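Working notes for the structure below.
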Amino acid sequence: VQLQASGGGLVQAGGSLRLSCVDSTRTFSNFVMGWFRQAPEKEREFVAVIGGSGSTTDYSDSVKDRFTVSRDNAKNTVYLQMNTLKPEDTALYYCASRRSVVISRRASGFDYWGQGTQVTVSS
């Protein structure tokens with residue numbers, strides 16, 4: 001399994017970005033997909049997660065109502081639409097996959113990780 005995240009960049013506060021993560025696995029719909037982020041000198045934190053069918057999602061309180069996670073199983077891709085970005089959203093964003101039908105917020109519960117894409121929000 002290889003995960004390739006993209007879509008990061010520099011944006012002003014209040015702006016939007018959409019991250020994408022392509023998964024090489026042939027059984028993409030069998031995997032729960034998550035997004036995590038890590039800011040400098042901080043621990044990696046949960047952002048959002050989506051179940052295999054796309055019908056189940058969960059978000060951290062800090063991004064709820066601003067970020068939306070979605071997936072296109074035909075394209076083996078998971079997305080993170082980020083709106084109303086804040087400087088505190090600045091971090092390296094990772095996608096991860098979990099071979100399970102149960103969503104999770106725990107990073108330790110994910111089996112595969114992408115390389116990360118940098119999101120920088122200026123004030």
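Overview of values
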item	result
Local electrostatic count at residue 43 - Lys and Arg +1, Asp and Glu -1, tallied over other residues with Cβ under 15 Å	+2
Only Lys, Arg (+1) and Asp, Glu (-1) charged, at Cβ; the range 7-68 dipole about Cα centre in debye	180
Span per principal axis, largest first, for the Cα atoms of the chain (Å)	41, 26, 25
Accessible area of the range 5-123 belonging to carbon and sulfur atoms, whole % at 1.4 Å probe	45
Residue 1 versus residue 99: modelled label distance in nm, points set 7 Å from Cα along the beta carbon direction	0.7
Relative contact order [Cα under 8 Å, 6+ residues apart], the chain, whole percent	37
Additional length obtainable on full extension of the chain from residue 42 to residue 122, 0.36 nm per residue less Cα span	26.9 nm
Relative contact order (%) - criterion: Cα under 8 Å, at least six apart; region: the range 22-85	29
Accessible surface, per residue, of the chain when the full set of protein chains is kept, probe 1.4 Å, Å²	52
Assigned charges on the beta-carbon of Lys, Arg, Asp, Glu; the chain dipole about Cα centre (debye)	260
Residue 64-residue 13 FRET efficiency (beta carbon distance; Förster radius 25 Å; 0.05 resolution)	0.85
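The values are calculated or read from the model by the stated rules, or taken from the named source; none is laboratory data. Everything numeric here is computed off the predicted structure, so don't read it as measured data. Positions of Cβ are backbone-derived with ideal geometry, glycine not excepted, and every protein chain shown enters the neighbour counts. The area values use the complete protein model at the heavy-atom level, side chains included, leaving out ligands, DNA and RNA. Shrake-Rupley method; radii C 1.70, N 1.55, O 1.52, S 1.80 Å.
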